[in-house]
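Novice: Got a structure here, written out as structure tokens. Questions coming.
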Amino acid sequence: MISFLEFEKPIAELEARIAELRATASGSDLDIASEIGRLEKKSAALLSGTYAKLSPWQKTQVARHPQRPHFVDYLALGFTEFVPLGGDRLYGEDQAIIGGLAKLNGRKVMLIGHEKGSDTTSRIRHNFGMAKPEGYRKAIRLMEMAGKFGLPVVTLVDTAGAFPGVEAEERGQAEAIARSIEACLGVPVPMVSAIVGEGGSGGAVALAAADRVLMLEHSIYSVISPEGASSILWRTPDKGPDAAEAMKVTAQDLLSLGVIERVVAEPTGGAHRDAGKTAQALLGAIEQELDVLSALPTGDLLARREERFLKIGRA
């Protein structure tokens with residue numbers, strides 16, 4: 001069952017009506033197939049029309065949808081021979097970031113990404129995708145390993161931000177994030193990052209300082225959440241929709257600003273309505289980017305990566 005968002009209420013009402021008619025038809029001799037078909041067409045058109053004109057705030061809601069595919073879903077749908085590698089060799093294991101060796105259509109890669117979890121138990125285990133210093137230090141270790149063995153790095157970013165708790169600060173959260181960004185910029189192999197849900201603050205940039213940054217169509221990427229910005233600017237989180245509009249958090253805005261290189265289309269109604277189709281499109285785009293990057297000499301790769309970030313924001 002699909003969980004409907006607030007702005008999808010008209011669609012939810014149509015789908016409920018269709019379900020009622022199907023239940024009625026299954027228990028009687030009434031022929032209402034034509035009516036069901038008419039309502040299904042109306043629902044599909046309404047869904048398509050709604051998602052064609054989403055506001056930045058509505059895209060924020062879609063990016064946070066509880067049924068949106070996460071790291072483990074993409075891992076199951078598109079990667080093979082995954083060998084998880086845990087621990088930062090300094091403190092412990094952080095399951096908010098998962099990483100390891102994998103194959104993408106036969107290509108060996110180092111795969112790293114945030115995992116939010118899909119139910120109460122897994123969300124607590126993965127800390128809702130909010131990594132602590134040991135998570136970022138694990139990512140650094142895996143990127144360095146990838147550089148040593150010549151493996152391309154693929155990262156899937158989906159976090160509201162790094163964990164803001166006292167224990168994370170005590171263990172050097174800011175330093176760990178900075179070192180992770182440094183590791184991304186310096187890894188001597190091709191690196192492709194994809195924002196698959198939320199890309200929040202330094203917690204996202206720590207895994208997204210790559211050669212090429214992709215975003216799913218209804219993902220968001222920003223220095224702070226819309227609610228956080230609203231609380232600072234207007235002293236209330238209720239102005240989140242206004243903040244989302246002003247901050248240019250959508251994939252389409254960020255593409256026009258040169259912050260990302262590519263927007264990957266999602267199925268009509270969002271990635272949560274067809275995880276398989278989403279994974280096929282996303283991983284296909286990642287493969288195309290890796291094909292181009294793999295042909296570049298290491299020196300050119302690093303120089304282009306540096307220039308990519310230096311030119312952001314230039315007039």
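Novice: Consider the candidate values (1) 199; (2) 123; (3) 155; state which one is volume of the Cα convex hull per residue in Å³ computed from the structure displayed.
Specialist: It is the one labelled (3).
Novice: Given springs between every Cα pair under 10 Å in a Gaussian network model of the chain, which of Phe79, Phe149, Phe163 has the largest fluctuation?
Specialist: Comparing Phe79, Phe149, Phe163 in the GNM, the peak value goes to Phe149.
Novice: Let me ask something else about it. Tell me, what is the per residue accessible area of region 27-135 in Å², probe radius 1.4 Å?
Specialist: Numbers: 5410 Å² over 109 residues.
Here the residues of region 27-135 average 50 Å² of exposed surface.
Novice: A further question follows. Running a GNM on the chain with Cα contacts under 10 Å, which residue among Leu104, Leu54, Leu185 ends up with the highest mean-square fluctuation?
Specialist: Leu54
Novice: So, one more: Could you tell me which residue out of Gly202, Gly276, His126 lies farthest along the dipole of the chain toward its positive end? Charges go on the beta carbon: Lys and Arg +1, Asp and Glu -1, centred on the Cα centre.
Specialist: Of Gly202, Gly276, His126, it is Gly202.
Novice: Another question, then. What residues qualify as long-range amide H neighbours of Met110, i.e. H under 5 Å apart, gap of 5 or more or another chain, H built at 1.01 Å from N?
Specialist: Val153, Val154
Novice: Give a residue-ordered list of calculated ³J(HN,Hα) values for region 197-206 (Karplus: 6.51 cos²θ - 1.76 cosθ + 1.60, θ = phi - 60°; whole Hz; x for Gly, Pro).
Specialist: Each residue of region 197-206 in turn: x, 9, x, x, 6, x, x, 8, 4, 4 Hz.
Novice: Under unit Cβ charges (Lys, Arg +1; Asp, Glu -1), what dipole magnitude, rounded to 20 debye, does the chain have relative to its Cα centre? Please report the intermediate quantities before stating the final value.
Specialist: Values: 36 positive and 41 negative charges, 104 e Å.
That gives the chain a dipole magnitude of about 500 debye.
Novice: Under a Cβ-Cβ cut-off of 13 Å, what is the net charge of the residues other than Asp274 that fall near it, where Lys and Arg count +1 and Asp and Glu count -1? Walk me through the numbers on the way to the answer.
Specialist: Details: positive: Arg68, Arg273, Lys277; negative: Asp73, Glu217, Glu266.
The answer is 0.
Novice: Leaving ligands, DNA and RNA out of it, report the carbon-plus-sulfur percent of the accessible area of the chain at a 1.4 Å probe.
Specialist: Working: 8150 of 14730 Å².
Carbon and sulfur atoms account for 55 percent of the accessible area of the chain.
Novice: Right, another one. Quick one: among Ala63, Ala76, Ala271, which has the greatest mean-square fluctuation in a GNM of the chain with alpha-carbon springs under 10 angstrom?
Specialist: Looking only at Ala63, Ala76, Ala271, the largest GNM fluctuation is found for Ala76.
Novice: Over the Cα atoms of region 138-267, what Rg and Dmax result, in angstrom?
Specialist: So, for region 138-267, Rg and Dmax equal 15.6, 50 Å respectively.
The values are calculated or read from the model by the stated rules, or taken from the named source; none is laboratory data. Bear in mind that the values here come from a model prediction, so they are computed numbers and not experimental data. Note that each Cβ is placed from the backbone with ideal geometry, even for glycine, and that neighbours are counted across all protein chains shown. To get the accessible areas, we keep the full protein, side chains included, count just its heavy atoms, and leave off ligands, DNA and RNA. Shrake-Rupley method; radii C 1.70, N 1.55, O 1.52, S 1.80 Å.
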